[in-house]
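The values are calculated or read from the model by the stated rules, or taken from the named source; none is laboratory data. Note that the structure is a prediction, hence the values are computed from the model and not measured. Reconstructed Cβ throughout: ideal geometry from the backbone, glycine too, with neighbour counts over all protein chains shown. The area values use the complete protein model at the heavy-atom level, side chains included, leaving out ligands, DNA and RNA. Shrake-Rupley method; radii C 1.70, N 1.55, O 1.52, S 1.80 Å.
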Amino acid sequence: MAELHLIGQIIGGTEFTEKSIFCRWQLSSGNNWRVLEGSTEGQTQLDTPQIGSLTSWNHPLDVHWATRGLQGWPQIHFQIYHLDAYSRTNLIGYASASIPTRPGIHYVDAPAWRPLGAFLNIYRRTDAPLYWRWNRANRR
């Protein structure tokens, strides 16, 4: 049975237009994969950088899998949140990336995106969109 060790960290993000940002993450894999040790989901701490600068999380990852085949190679998924002045969490973006298949040191970028609602919903200030458009998280 083959094994995979992931030892790394979620460094952070850039170009967010909000302050007070944190990230929830989850590692997913196919049916052939079994987690032997480590956590497959978690949350980073809150960081409040200057707008436009690096949001620094430096959150450690340490997971050990066993597998019978390569199908369903592990991926990491992110949900990025903003904490407002009233301590409410607002989802500001999603990102996803595959875990590198070659051994070694890797820097993996996961471009973030967010759903945007229809014009009428923005006008009405409602959170229930009529339809969805996909856009990068750093654009308005």
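Ligands, DNA and RNA are left out, and with a 1.4 angstrom probe the accessible area of the range 5-119 is 61 Å² per residue.
Karplus-based coupling profile of the range 80-94, in residue order and whole Hz: 9, 10, 10, 9, 8, 5, 9, 6, 9, 9, 10, 5, 10, x, 10, with θ = phi - 60° in 6.51 cos²θ - 1.76 cosθ + 1.60 and x standing for Gly or Pro.
Across the range 7-24, computed HN-Hα scalar couplings (Karplus, 6.51 cos²θ - 1.76 cosθ + 1.60, θ = phi - 60°) run 10, x, 8, 8, 6, x, x, 10, 6, 7, 8, 10, 9, 6, 10, 9, 9, 9 Hz from first to last residue, x flagging Gly and Pro. Taking a ≥ b ≥ c as the square roots of the eigenvalues of the Cα gyration tensor of the range 22-123, is the shape rounded (a/c under 1.5), prolate (a/b larger than b/c) or oblate? Taking the square roots of the gyration eigenvalues as a ≥ b ≥ c, the range 22-123 is prolate.
In order along the range 95-111, the Karplus-derived 3J(HN,Hα) couplings, from 6.51 cos²θ - 1.76 cosθ + 1.60 at θ = phi - 60°, round to 8, 7, 8, 7, 6, x, 8, 9, x, x, 8, 10, 10, 10, 8, 10, x Hz, and Gly and Pro are given as x.
In this structure the amide hydrogen of GLY93, modeled in the peptide plane, comes within under 5 Å of the amide hydrogens of ILE80, none closer than 5 places in sequence on its chain. Of the peptides 3-12, 81-90, the ranking by mean beta-carbon count within 10 Å, highest at the top, reads 3-12, 81-90.
Quick one: if you stick a label point 7 Å off each Cα along the C-beta vector at GLN26 and GLN9, how many nm between them? According to this spin-label approximation, the distance is 2.6 nm.
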